[in-house]
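Heads up, the thing below is written out as structure tokens.
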Amino acid sequence: MSTVVSILDRDNRDDRTDNIGIVEPLKRRVLWIPRDLWCNTIKNRINRAFGRGGHKLLLSCLEEHKIKAESSICFRRSATIHCFRDLQVFVPIDEVMRFWYPLHPTKPIEEGRKPIVFSPPGELLSGERIHQWIGARISFDKGGSDLNRIERQKTLLRCLLEQNFDFKKLIVDQEYFSIYGSNVFEDLKQVGPDWKFETLGPLKHAKIGQMLVVVKMSRIHPRAVIRKLLAHLKISPGKNFDKN
């Protein structure tokens, strides 16, 4: 069984889910889904799915990309604010990272921005610095990238798991979350620091209409590549080619 975990960018149910991950106990893996992933089902980015049709539409959009999950939980922004209110967590940092960030975590960056920096060898995060670590996207030198942000989210989650952080703080109030399916908590409690943390891929950037999005690239099987090469050379692959 697998469970989708998403976090609303704001407290409104119809807002974007800018953080989406799939907890897969059988694979011992958490799979991150980029917020800008294009979905033909809704003709928009996947982070608009929950706001338009709740858990069922989000699950349907994921299934479009061959990701099947049976359960889903979506947290309001208030849940993370409450959960991390008194938290202090050390995260390792390999190289200096510089970003533009909104003047306030809940304000759009178009209304004003400030520079933030994360420096090696690491930082003890607390308060707003936790939300900056999770959410900063616009790098000084690399532009806006959800993939960079996802890597920092992986680091934070692994560090929290290693220090046995109590994630039950996210569900102290039923107003903080919405749930679908019967296996959510059974799946979530299995996640450990030794799990694989991966990102959906391979991906490429694209422009659809006026939107900059990412699309999933088709994986080409090595046998298909060899078959095309042999055909170009006018060499028969032999009757046992597809059996090996």
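All of the numbers you see were taken from the coordinates with simple rules; none came from a lab. The model shown is predicted, which means the values in this text are computed figures rather than measured ones. Positions of Cβ are backbone-derived with ideal geometry, glycine not excepted, and every protein chain shown enters the neighbour counts.
Observations, loosely collected:
- Angle of helix 146-162 to the longest C-alpha principal axis of the chain, folded into 0 to 90 degrees and rounded to 10: 70°.
- The shape of segment 20-108 comes out prolate: with a ≥ b ≥ c from the C-alpha gyration tensor, a/c is at least 1.5 and a/b beats b/c.
- Projected label distance in nm at residue 40 and residue 164, using a 7 Å step from Cα toward the beta-carbon: 4.9 nm
- Nearest-0.05 FRET efficiency for residue 183 and residue 82, computed from C-beta distance (R0 25 Å): 0.55
- Projecting the Cα atoms of 88, 164, 12 onto the charge dipole of the chain (Cβ charges, centred on the Cα centre) puts 12 farthest toward the positive pole.
- Cysteines without a disulfide-compatible neighbour (Cβ-Cβ under 4.7 Å), the chain: 74, 83, 159
- FRET efficiency, residue 15 to residue 236 (Cβ-Cβ, R0 45 Å, nearest 0.05): 0.20
- Gain in span if fully extended, residue 106 to residue 217, counting 0.36 nm per residue against the direct Cα distance: 36.6 nm
- By definition, a body whose alpha carbon gyration tensor gives a ≥ b ≥ c is prolate when a/c is 1.5 or more and a/b is larger than b/c, and segment 88-164 fits this prolate description.
- Given R0 = 22 Å, the distance between the Cβ atoms of residue 90 and residue 175 translates into a calculated FRET efficiency of 0.10.
- Degrees, to the nearest 10: 222-232 long Cα axis against longest axis of the chain: 40 degrees
- When each of the peptides 38-46, 187-195 is scored by how many other beta carbons lie within 10 Å of its residues on average, the order from highest to lowest is 38-46, 187-195.
- Note on residue 27: aspartates and glutamates with a C-alpha under 13 Å away, same-chain residues under 8 apart excluded, are 187, 194, 198.
- Computed magnitude of the charge dipole of the chain (debye, nearest 20; Cβ of K, R +1, Cβ of D, E -1): 1280 debye
- The equivalent ellipsoid of the chain has semi-axes of 34, 22, 20 Å, largest first, where each one is the square root of 5 times an eigenvalue of the Cα gyration tensor.
- Filter on 68/154; 114/216; 142/169 - keep pairs with C-alpha separation over 30 Å: 114/216; 142/169
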